[in-house]
Amino acid sequence: MRRRYIFIAVLGIIALSLLSCGRKAPPFLPERTMALRVDHLDARLEAGAVVLRGNIVPYKEKENAHIIGARLYHIRYSFDDRPCEGCPIKFAGYRDIKGDRISKDAFYLEVPGTRKAGIHYFSVCLLGQNKAVGPISERVTLSIND
């Protein structure tokens, strides 16, 4: 009888050790950060395209980083399913867009594929060399009626 309890205990320990092992992911380097961010972000509909504009300012200290583009966070809600004012919004994902019209002090980005009717929410982060990512901007809203 004692042998049976020992067998069940050993079998239980083996089963638990197999379940608790976990899946290991390959090692990765964390994203680098940069101290430039977009301030006073504004979204407008110009000539049939959504355009985001803002000012680029240092976030922590003076930095002279080379900006290569922006990480765009975007989500659209229908007019009937609009979230309340001030409610947190979870963006579905992001797109990295190379920006040739982003300078050291002015941010300008034409957002492709956002002409659907509804309430659009946008936020951006600046992208630098070596996968550097800046802090996220404030969230802006744009209503498109079509």
Cα coordinate range in the chain, projected on the principal axes (Å, largest first): 83, 44, 25
Over the chain, relative contact order from alpha-carbon pairs under 8 Å, at least 6 apart, %: 30
Loop chymotrypsin sites (Phe, Trp or Tyr not before Pro), region 80-110, which have at most 14 other Cβ atoms in a 10 Å radius of their Cβ (DSSP): 91
Residues 122, 79, sorted so that the one with the fewest Cβ neighbours within 10 Å comes first: 79, 122
Cα-centre dipole for the chain with unit charges at Cβ (Lys and Arg positive, Asp and Glu negative), debye to 20: 1120
Rg [Å, one decimal], Dmax [Å, integer] - region 70-133, C-alpha atoms: 13.7, 42
Estimated [θ] at 222 nm from DSSP helical runs (n ≥ 4, -39500 (n - 2.57)) normalised by residues in the chain, nearest 500: -4000 deg cm²/dmol
Potential extension, residue 129-residue 78 segment - 0.36 nm per residue separation minus Cα distance: 14.7 nm
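Coordinate-derived values only; no laboratory data. These figures come from a predicted structure and were not determined experimentally. Backbone-built Cβ (ideal geometry, glycine too); neighbour counts: all protein chains shown.
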